[in-house]
């Protein structure tokens, strides 16, 4: 669980000592029961036990807690690896050090694993800002000096597409129970050309956050919470000149970030566009998989850009929105009481009550990415007047990958995969999703709310908040990011062109979209069209 | 032992045998041969013309280091005492060549390649394609145009800095205190300035500067909302950071002025303005020109404030060449094209600074 989310939930339910003890006692009672009485599969007692470490609301877990959890979750490893089997093996693990989590947790989780197997792990810790450049340079210059890497799925095109990773052995698939993944993390995500490479340890998607006090009878809008982008634009325009019920300042509707964010800003146009452009009849919505011709200038995308331009034209955004990047819209605007609707990752919800500058903690509600009342069918080249929902799985979350450097040394390969499987284990991941770890729930079993309740969480709150994530993850028409080489280059150049379009330097939304398409064509040609087509198809599982 | 030539600076006169000289020459040419052989072998291996080679270029680097060491050692072997004197300079020269000249040449090569880090093909020489792309790249020309505005702003900064320097040179109360206070912005990192001032104090809703502007009657104080305003604010923040730098140089110049000349002008009945115009300003020209040239060089590197606050927006209005190259290189991994843009910018800077120094050279010498 992301740190902010954890703090948010604890703060939101205002957990008292009594509540916490109640939860712990319940778990303790469950743990003390005979195994057969507790749960049939034995995992249940482990799951209940680890959720007691250190106890919800009992402060942030420390290294000794991570080691305890790692030790208690070794069962699956022991089934596949004999004690001391990897003696003499040395592995190098490259990952992040964000918020003193990620690699720091992995160290703790893997320490008992090292003690049991006899392997030794060396660590490369990277700051988020250095991560992309380091990985990209290692890939491009062929200087891969790590055996295991923590990596986001958007880089799969760069790494898996070049055959730089080791294929997951079948015993690992069984150990980590991949069937338990939420739907969108199942193949083709984590796979390439039908082969599986990724041990998922996280999930990501954008969800809809809105201000409850703006909607309902007698509210400033007098409307229900918008369900479609058309309604969102209508509400945003109607709110011009009205007053925010909470702050008394001018009321605003949806907050589009109009400034780039190192490529990440493009996800936010995607939120609008996915409802128009992601037709259920095809997984492709950014490029034509046969030609890599950009779809970004088809009528669906142009409509999304036009929606933003309409709100700029109408003066519906807060002043200076042209300089608002996604960080600004979330943390300086929405949480501070400016604007009533937003799409973002889980952090916004988690910060709503814990952030000192947030004033919307009591009035924030969540949902999945709004729909559109019409969808563009790119195959037929025509609009269809049917309601279409397509949650945007922005970034897809972190995974652990084993590099091809271990091939040729069977012992080392087994050791690397065993370490990766330990980190992506079903029980261990439950703990990571329930406590501050930097990772979101990503398995069906993570959404068994009774486990959370037993651990001491307020069920109603967890259900409400995480429910929007679960609904997005499992949506049949989820818009999945293309995992092709250089995907952030496409996003980055699109941000530059959008900035020009939003500043009125292009004549229309179509012209802006055409400029993006032209820039994308250049990137495709530079990286290599044929290889991009092949890799794009592979990433879509076509 | 030689008894002719410069004996004054010779500690010992060497009598070096021909076989020793031959050994020295063998050290140099032998190690050079190993270096070139390995480099050629690795080049052929990397270009797919040969199967023999190493996984990396590291052995070639070691061969280069071996050659450099042999070259230094051979100086002593061949030239004896005289060679030792060469050793005071040669390692430094080799170091500069290794770390400046070679990377520059490599960058020149890279700038004429199609090299996107995401491409499976690696760097592919593409002739003048990058140059042609630059020629039609509206973002680059827009950034160059902005640089002209930014550089012109130095003239205003100079006037303010000169005024402040005169003020701090005068007999005012708490002069030392003000000198320190005026220097404070220079001690701040531009990144800190962009966050503290640009993103916090000027934040439209909570920023104290925005509140002040609202109190003064500006309804919607958007400091970066329009192209002109955004460009002006970037200039202002950069000026606020670096005016103290010009000021301190000018202040040092003012304090070094000969008192008797200024006093003589007063004795001759010159007013304060006349004294400034006819005596102080001309005497300050060399310092002024130096301060302006250094400031322009600083200005040509302007990027951090822009990257943090506007990312070049709105619509490219504040983009500097460096901030654009940063996006092209870092966000888009477009190594070949990004390097070409940087090389062209380097050439433009060299030409511009050379012409500038030529134009102002007659002011650089203090009048007799």
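Observations
- Condition check for residue B:293: more than 30 Å from residue B:266 (Cβ to Cβ) and either outside the structural domain of residue B:150 (by TED's automatic domain parsing) or surrounded by fewer than 22 Cβ atoms within 10 Å (Cβ to Cβ) (or both): yes
- Residues of segment B:159-175 include none that is assigned to a loop (DSSP other than H, G, I, E, B), farther than 17 Å from residue B:247 by Cβ and within 11 Å of chain A (Cβ to nearest Cβ).
- Taking the criterion of being in contact with a helix residue (DSSP H, G or I) (Cβ under 6 Å, 6 or more places away or on another chain) and either within 14 Å of another protein chain (Cβ to nearest Cβ) or more than 24 Å from residue A:81 (Cα to Cα) (or both), the residues of segment A:100-142 that qualify are A:125, A:126, A:128, A:139.
- Any hit, segment A:489-505, residues being farther than 18 Å from residue A:203 by Cα and free of Cβ contacts under 8 Å to residues at least 12 places away in the same chain: yes
- Total residues in segment B:209-231, condition assigned to a helix (DSSP H, G or I) and more than 14 Å from chain A (Cβ to nearest Cβ): 2
- Once segment B:98-123 is narrowed to residues that are surrounded by fewer than 13 Cβ atoms within 10 Å (Cβ to Cβ) and within 14 Å of another protein chain (Cβ to nearest Cβ), the residue that is farthest from residue A:516 (Cα to Cα) is B:106.
- Enumeration of residues in segment A:313-323 that are more than 9 Å from every other protein chain (Cβ to nearest Cβ) and either outside any helix (DSSP H, G or I) or in contact with a helix residue (DSSP H, G or I) (Cβ under 6 Å, 6 or more places away or on another chain) (or both): A:314, A:315, A:316, A:317
- Where helices (runs of 4 or more DSSP H) fall entirely within segment B:47-107, those with at least 2 residues that are touching a residue at least 24 places away in the same chain (Cβ under 8 Å) and under 28 Å from residue A:138 (Cβ atoms) are at B:58-79.
- Residue A:170 falls short on exactly one of the conditions (1) buried (at least 21 other Cβ atoms within 10 Å of the Cβ); (2) free of Cβ contacts under 8 Å to residues at least 40 places away in the same chain, and that condition is (1).
- For residue A:283, the test of being crowded, with 18+ Cβ neighbours inside 10 Å, away from chain B (no Cβ under 14 Å), touching a residue at least 60 places away in the same chain (Cβ under 8 Å) and assigned to a loop (DSSP other than H, G, I, E, B) is passed.
- Qualifying residue in segment B:229-236 (condition: at pLDDT 90 or above, under 15 Å from residue B:162 (Cα atoms) and assigned by TED's automatic domain parsing to the domain that holds residue B:191): no
- Within segment B:190-208, no residue satisfies the criterion of being in a loop (DSSP other than H, G, I, E, B) and under 15 Å from residue B:242 (Cβ atoms).
- Counting only residues that are more than 15 Å from residue A:270 (Cβ to Cβ) and surrounded by fewer than 22 Cβ atoms within 10 Å (Cβ to Cβ), segment A:476-499 holds 1 of them.
- Residues being more than 27 Å from residue A:282 (Cβ to Cβ), part of a loop (DSSP other than H, G, I, E, B) and in contact (Cβ under 8 Å) with a residue 12 or more places away in the chain are entirely absent from segment A:181-193.
- Residue match in segment A:506-529 (condition: under 25 Å from residue A:396 (Cα atoms), free of Cβ contacts under 8 Å to residues at least 24 places away in the same chain and either surrounded by 24 or more Cβ atoms within 10 Å (Cβ to Cβ) or not assigned by TED's automatic domain parsing to the domain that holds residue A:133 (or both)): yes
- Residues satisfying the criterion are absent from segment A:433-445 (criterion: crowded, with 23+ Cβ neighbours inside 10 Å, over 30 Å from residue A:342 (Cβ atoms) and touching a residue at least 40 places away in the same chain (Cβ under 8 Å)).
- Test for residue A:252: is it within 14 Å of chain B (Cβ to nearest Cβ), assigned to a loop (DSSP other than H, G, I, E, B), in contact with a helix residue (DSSP H, G or I) (Cβ under 9 Å, 6 or more places away or on another chain) and within 30 Å of residue A:385 (Cβ to Cβ): yes
- Hits in segment A:109-133 (condition: touching a residue at least 12 places away in the same chain (Cβ under 8 Å) and over 22 Å from residue A:415 (Cα atoms)): A:126, A:127, A:128, A:131, A:132
- Index of the failed condition, residue B:340 passing every other in (1) on the phi > 0 side of the Ramachandran plot; (2) within 14 Å of chain A (Cβ to nearest Cβ): (1)
- Taking the criterion of being part of a helix (DSSP H, G or I) and surrounded by 21 or more Cβ atoms within 10 Å (Cβ to Cβ), the only residue of segment A:141-153 that qualifies is A:153.
- Residue ID - nearest to the other protein chains (Cβ to nearest Cβ), chosen from residues in segment B:304-323 that are over 15 Å from residue B:195 (Cα atoms) and assigned to a helix (DSSP H, G or I): B:323
- Looking across segment B:125-141, the residues that are closer than 16 Å to residue B:111 by Cα and within 11 Å of chain A (Cβ to nearest Cβ) come down to B:126, B:129, B:130, B:133, B:137.
- Which numbered condition residue A:167 fails, given (1) away from chain B (no Cβ under 14 Å); (2) under 17 Å from residue A:399 (Cβ atoms); (3) not in a loop (DSSP other than H, G, I, E, B): (3)
- Only one entry of A:242, A:227 meets the criterion of being in the same structural domain as residue A:318 (by TED's automatic domain parsing), at pLDDT 95 or above, in contact with a strand residue (DSSP E or B) (Cβ under 7 Å, 6 or more places away or on another chain) and within 28 Å of residue A:275 (Cβ to Cβ), and that entry is A:227.
- Residue B:167 vs. criteria assigned by TED's automatic domain parsing to the domain that holds residue B:256 and within 24 Å of residue A:247 (Cβ to Cβ): no
- Selected residue (criterion: farthest from the chain's Cα centre (by Cα)) from residues of segment B:63-97 that are surrounded by 13 or more Cβ atoms within 10 Å (Cβ to Cβ) and farther than 17 Å from residue B:28 by Cβ: B:81
- Entirely in segment A:434-542, the helices (runs of 4 or more DSSP H) that have 2 or more residues that are more than 14 Å from every other protein chain (Cβ to nearest Cβ): A:449-455, A:459-473, A:509-527, A:529-540
The values are calculated or read from the model by the stated rules, or taken from the named source; none is laboratory data. From a predicted model like this one, the values you see are computed outputs, not experimental measurements. Positions of Cβ are generated from backbone atoms using ideal geometry, with glycine treated the same way; all protein chains shown enter the neighbour counts.
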